[in-house]
Structure formats: structure tokens, C-alpha cells
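Take a look at the structure set out below.
The values are calculated or read from the model by the stated rules, or taken from the named source; none is laboratory data. Because the structure is a prediction, the values reported are computed rather than measured. Cβ: placed from backbone, ideal geometry, glycine included. Neighbour counts: every protein chain shown. We work out accessible area using only protein heavy atoms, side chains counted, and drop any ligands, DNA or RNA first. Shrake-Rupley method; radii C 1.70, N 1.55, O 1.52, S 1.80 Å.
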Amino acid sequence: MRRPSWHELQAIKTLGEQRSFRRAAEMLGLKRSSLSHLVKTLEHNLGVQLFQRTTRSVSLTDAGQQLLDRLSPLLNQMDDVLHDISASRHQHYGTLRISASDAAIALLLEHVVADFSARYPDIQLDFAAQGALVDITAAGFDAGIRLIEDVPQDMVAVPLGGPLTFVTVAAPAYLARNAAVNHPRDLLQQQCIRQRLPSGKRYQWEYAQAEEKQEIDVPGTLTLDSNALMAQAALAGLGIAYVPSLYVEKEMRSGQLVELLADWRVQSAGIALWFPPNRHQSMALRLFIDALKVGLPRHA
């Protein structure tokens with residue numbers, strides 16, 4: 001039996017992870033027909049079928065799953081060796097594709113990107129600002145950045161920057177023409193800027209003081225799916241917004257937005273960079289994670 005080449009094994013691993021000839025071929029830089037021929041040839045040489053194929057889907061056979069389970073750690077280990085050798089020669093290069101919220105990308109641009117790009121000019125950063133949580137593996141991203149509680153449980157999460165505080169804010173003009181807000185239940189008589197979650201559900205605002213906790217489905221005629229847009233709407237005097245403080249820190253300092261219910265603040269665990277546990281962590285991604293840990297401020 002001819003021993004499969006490194007290229008063939010990488011192709012099998014990629015197809016097994018992507019479960020799509022189109023996506024796997026794009027990641028490998030191959031034509032779909034070339035990848036299909038490669039798989040058929042390898043199956044013939046091994047004398048066993050690795051994939052079940054239909055016109056709509058690709059799935060692993062038991063033999064294919066067994067091969068992938070044993071093959072992936074070996075290929076990842078070899079990739080680590082090659083990347084470490086490359087790193088020892090100061091050859092840092094590649095492209096990092098990262099899905100993140102617009103606020104997270106703004107943080108990176110302000111605190112991380114300039115120094116990172118100056119230190120590693122051959123590493124290209126490709127950010128996609130996406131409000132909804134995406135399947136980063138299927139979409140071809142190296143990693144995602146989201147609130148820790150939003151990271152899928154089967155993913156590897158690297159916490160960044162410490163906890164985030166959620167704040168309730170409104171413009172002075174809005175507050176001047178509406179009743180005071182002294183308790184979370186007062187929000188029920190206000191015009192609030194509501195948030196639609198990726199699941200389609202409306203987000204309930206959360207508050208805590210001593211032993212008392214409140215979760216409020218606030219009223220309002222405007223619903224958005226972006227914290228940045230909610231902050232912008234509050235700035236325009238359209239109502240009260242409830243967002244992580246990093247979205248409105250400058251506006252709160254300048255007095256353009258006023259915080260309400262400061263004694264009822266709650267904290268999130270913060271943001272995290274995340275990636276699949278079975279995906280090789282490239283040297284470029286390792287270096288970027290290190291830069292994030294050092295460069296991102298800790299929020300209170």
C-alpha cells in the first residue's frame with residue numbers, strides 16, 4: 001500500500017472537519033474536482049471508504065472518523081513543530097481572520113493593532129464586524145471574539161481584558177423631558193431601546209443590588225441588534241440604552257450620556273477570544289493572543 005502524502009492527509013483532515021467539499025477545497029486552495037479525486041484515490045489505496053457522500057452533505061464513515069480521531073493530533077503536533085521552527089527563525093507571517101463585535105474591533109484598533117502590526121508586519125489581520133454569533137469553522141475564521149457567556153461551550157476560550165460592566169444610559173435631552181429613574185421598575189414607564197439577540201429573543205435588562213435582583217423586559221418602540229447602534233440611538237435622545245460600558249465610556253466622560261441606576265450595575269465575565277479545540281493554533285494566532293493579553297485594558 002502506498003503511504004499517503006502529507007498533502008493527502010491534510011486534505012482528509014480538512015474535509016473531515018468542514019464536512020463540505022466546497023469549503024474544504026477553498027481552505028486547501030484546490031478545485032472541488034481535484035479534492036474529490038484525491039479522496040477517491042486515497043480510499044482506493046486504503047481499501048476502505050472514509051466518507052459518505054450525497055448531493056447535499058458529506059459525513060465520515062466509522063473508518064473515516066477513526067482515522068480523523070487518530071490523525072488530527074499527529075498533524076497538529078507536526079504543525080506545531082514546523083511553526084515553532086519558523087518562529088525560532090523569526091519568520092512570523094500569515095493571515096488571521098477574526099469574527100468579532102464592532103466594539104471589540106474598536107478596542108483592538110485602539111489598543112493592540114498598531115503595536116502588533118509594527119512588530120509583525122508580515123501577519124495580516126482580517127476583521128469581520130458581525131453582530132450575530134457565527135460558526136467560525138464553517139465561515140473560515142481562525143477565531144472569534146465575543147462575551148465569554150456567548151462563547152459555545154465546546155470551544156476553547158481565552159479571557160481578555162477582565163470583566164465588563166453593563167450601564168444604563170440616556171442623553172440629557174431625553175432625561176429633561178421624562179420622569180426620573182431611581183429603581184429598575186421605573187424603566188417600565190420609559191422609552192427604552194430594546195435589544196434583539198441572535199436567537200431572535202428580546203434581551204431582558206439585568207440589575208442587582210445587595211440580595212435583590214431584577215430582570216426586566218423593558219418597553220420601547222425601537223429594537224436593535226447591535227450595542228453600538230443602541231449607544232448611538234441613546235446619544236440621539238431616542239431613549240434609554242443598556243450596554244457594556246466600553247461602548248459609551250467617552251460619551252459618559254463628556255456628559256453626552258448620563259448613567260442611570262449606577263447602584264444597580266451588574267458585571268459580565270468579559271470578552272474572550274475563542275476557537276475550536278480540534279483546530280491547530282497557528283503561530284500567528286498565538287502571537288496575537290499574547291498581544292491581546294498585554295494590550296487590552298481591564299474594564300471595571
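Does residue 173 fit the bill of being under 11 Å from the mean Cα position of the chain (by Cα), open to solvent by 50 Å² or more (accessible area, probe 1.4 Å) and aliphatic (A, V, I, L, M)? Spell out how you get there, then give the answer.
Values: under 11 Å from the mean Cα position of the chain (by Cα): no; open to solvent by 50 Å² or more (accessible area, probe 1.4 Å): yes; aliphatic (A, V, I, L, M): yes.
Taking the combined requirement at face value, the residue does not satisfy it.
Could you tell me which residue of segment 50-65 is most open to solvent (accessible area, probe 1.4 Å), considering only residues that are assigned to a helix (DSSP H, G or I) and more than 14 Å from residue 10 (Cα to Cα)? Even if it seems obvious, please write down each step before you answer.
First pass over segment 50-65, keeping only residues assigned to a helix (DSSP H, G or I): 62-65.
In the following step, the residues that additionally are more than 14 Å from residue 10 (Cα to Cα) were identified as 62-63, 65.
Numbers: 62: 138, 63: 35, 65: 64 Å².
Across segment 50-65, the extreme among qualifying residues is 62.
Name the residues in segment 36-53 that are within 17 Å of residue 17 (Cα to Cα) and polar (S, T, N, Q), would you?
Answer for segment 36-53, where residues must be within 17 Å of residue 17 (Cα to Cα) and polar (S, T, N, Q): 36, 49, 52.
Would you be able to say whether some residue in segment 265-280 is touching a Gly at 6+ places or on another chain (Cβ under 8 Å), open to solvent by 20 Å² or more (accessible area, probe 1.4 Å) and either at pLDDT 90 or above or outside any strand (DSSP E or B) (or both)?
no
Might you let me know whether segment 180-192 holds any residue that is in a strand (DSSP E or B) and either surrounded by 14 or more Cβ atoms within 10 Å (Cβ to Cβ) or under 24 Å from the mean Cα position of the chain (by Cα) (or both)?
Let us first name the residues in segment 180-192 that are in a strand (DSSP E or B), namely 192.
Adding the requirement that they be either surrounded by 14 or more Cβ atoms within 10 Å (Cβ to Cβ) or under 24 Å from the mean Cα position of the chain (by Cα) (or both) leaves 192.
There is at least one residue in segment 180-192 that is in a strand (DSSP E or B) and either surrounded by 14 or more Cβ atoms within 10 Å (Cβ to Cβ) or under 24 Å from the mean Cα position of the chain (by Cα) (or both).
For segment 233-259, name all the residues that are assigned to a strand (DSSP E or B) and either buried (at least 21 other Cβ atoms within 10 Å of the Cβ) or charged (D, E, K, R) (or both). Break it down into steps so the answer makes sense when it comes.
Let us first name the residues in segment 233-259 that are assigned to a strand (DSSP E or B), namely 240-244, 258-259.
Residues satisfying the conditions are 240, 241, 242, 243, 244, 259.
I'd like the full set of residues that are open to solvent by 90 Å² or more (accessible area, probe 1.4 Å) and assigned to a helix (DSSP H, G or I), limited to segment 30-49.
32, 37, 40, 44
Could you list, in sequence order, all residues of segment 200-216 that are in a loop (DSSP other than H, G, I, E, B), within 26 Å of the chain's Cα centre (by Cα) and either surrounded by fewer than 13 Cβ atoms within 10 Å (Cβ to Cβ) or among the acidic types (Asp, Glu) (or both)? Quick ask: steps written out before the conclusion?
Quick first cut of segment 200-216, residues in a loop (DSSP other than H, G, I, E, B) only: 200-201, 203-204, 210-211.
Checking the rest, the ones that are also within 26 Å of the chain's Cα centre (by Cα) come to 200-201, 203-204.
Answer for segment 200-216, where residues must be in a loop (DSSP other than H, G, I, E, B), within 26 Å of the chain's Cα centre (by Cα) and either surrounded by fewer than 13 Cβ atoms within 10 Å (Cβ to Cβ) or among the acidic types (Asp, Glu) (or both): 200, 201.
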